[in-house]
1. Quick query: amide H of Lys230 versus all other amide H atoms, modeled in the peptide plane; which residues come in under 5 Å with a sequence gap of 5 or more or a different chain?
2. Relative to the longest principal Cα axis of the chain, at what angle does helix 26-39 sit, 0 to 90 degrees, rounded to 10?
3. Stretched out fully, how many nm does the piece from Thr154 to Ser2 gain, at 0.36 nm a residue minus the Cα gap?
4. What FRET efficiency comes out for Glu147 versus Leu244 if R0 is 45 angstrom and r is the Cβ-Cβ distance? Round to the nearest 0.05.
5. Can you give me the long-range amide H partners of Phe71? Hydrogens built in the peptide plane at 1.01 Å from N, cutoff under 5 Å, separation of 5 or more residues or another chain.
6. Tell me the net charge near Ala123. Cut-off is 12 Å between Cβ atoms, Ala123 excluded, with +1 for each Lys or Arg and -1 for each Asp or Glu.
7. Would you kindly derive the ³J(HN,Hα) couplings of region 254-266 from the backbone phi angles with the Karplus curve 6.51 cos²θ - 1.76 cosθ + 1.60 (θ = phi - 60°), listing them in order in whole Hz, with x for Gly and Pro?
8. Expected output is a single nm value to one decimal: the length gained when fully extending between Glu271 and Asn10, i.e. 0.36 nm times separation in residues minus the C-alpha distance. What is it?
Amino acid sequence: MSIPTITLNNGIEMPQLGFGVFQVPDDETTTAVAEALRVGYRSIDTAAIYGNETGVGRAIAESGIARDDLFITSKVWNTDQGYDSTLRAYDDTLAKLGLEQLDLYLIHWPAPALDLYVDTWRALERILADGRVRAIGVSNFEPAHLERLIAMSTVVPAVNQVELHPAMQNRAVIAANSAHGIATEAWSPLAQGAVLQDPAVLAVAQHHGVSPAQVVLRWHLQQGRIVIPKSVTASRIAENHDVLGFDLSAEELTALDGLERDGRTGPHPDEFNG
Ligand code: NDP
């Protein structure tokens with residue numbers, strides 16, 4: 001079964017299920033991404049700060065998969081925010097990945113105390129206008145950051161990638177994204193494993209004969225979100241890709257909705273400027 005796509009607000013198709021590589025050392029990244037590509041993932045999510053764009057690029061080059069069949073995302077880090085520095089950071093990211101164009105480039109955090117995300121966004125708009133990226137977006141933007149960005153710029157972000165899992169459902173951000181036609185992409189979609197032993201998740205998994213991770217990913221996908229689970233374990237890489245052969249009922253979706261407990265694992269975007 002092929003992975004469904006989400007049509008972004010500029011018409012670009014993005015796979016709804018991709019593969020994340022946060023916290024994977026560069027040398028291990030090539031092996032993990034190669035395995036992901038082998039089992040069928042075509043979308044890879046990296047970032048300059050992960051220090052593994054070179055490893056991702058190596059796996060892409062060695063895969064033999066046509067560039068047009070891949071969807072590659074990276075992100076500009078906080079210390080590179082600003083117009084000129086973002087243009088330089090983008091060149092560096094492309095060089096490390098060995099690519100001439102990304103599919104999606106994101107502002108990694110709003111870092112509001114820096115007060116540079118509007119300038120940074122203008123650089124992304126420039127890169128987009130020059131045809132050097134297919135879509136631009138943001139990450140960890142709260143509704144107020146989105147409102148300000150949209151009021152002060154031309155291009156509405158295509159994607160907002162935010163922490164989102166059953167324990168932290170980020171509903172106000174999803175509502176703001178929807179209101180602006182911005183696709184919601186869930187980072188830490190499995191809460192880094194923290195929700196996988198929850199009795200409600202285990203009960204649904206047992207009912208369908210699937211794993212807890214598959215239940216959680218299915219819950220995201222059935223609600224139209226983009227997900228990018230990470231694993232360095234071959235069996236889990238395959239398991240997380242095999243999530244299209246069953247459907248959760250409305251009652252099961254509601255049961256997972258009930259797991260919200262303000263369980264944020266990362267920093268709050270209003271406060272993180274590092
Ligand atoms: P995930 O929610 O994807 O969880 C990853 C963890 O869960 C790893 O410890 C992994 O273990 C484990 N795991 C994966 N699959 C399974 C499974 N089937 N069963 C049991 N355990 C499993 O967390 P991440 O924080 O990595 O988020 C995913 C991606 O989101 C990142 O890789 C990154 O691309 C992006 N991200 C973006 C952020 C941002 O600020 N924009 C912040 C954080 C993440 P193992 O690897 O050992 O198999």
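Taken together, the values in this text are just the output of simple stated rules run on the coordinates, not laboratory data. Source: prediction; values computed, not measured. Because the Cβ atoms are built from the backbone with ideal geometry, glycine has one as well, and the counts that use them run over all protein chains shown.
1. Gly20
2. That works out to roughly 60 degrees.
3. On the way: separation 152, 0.36 × 152 = 54.72 nm, distance 3.41 nm.
Result: 51.3 nm gained on full extension.
4. 0.80
5. Under 5 Å from the amide H of Phe71: Ser43, Ile44.
6. Once all neighbours under 12 Å are counted, the net charge is -2.
7. Once θ is set to phi - 60°, the couplings for region 254-266 become 5, 4, 6, 4, x, 8, 4, 9, 6, x, 4, 9, x Hz.
8. Working it through step by step, the gained length comes to 90.9 nm.
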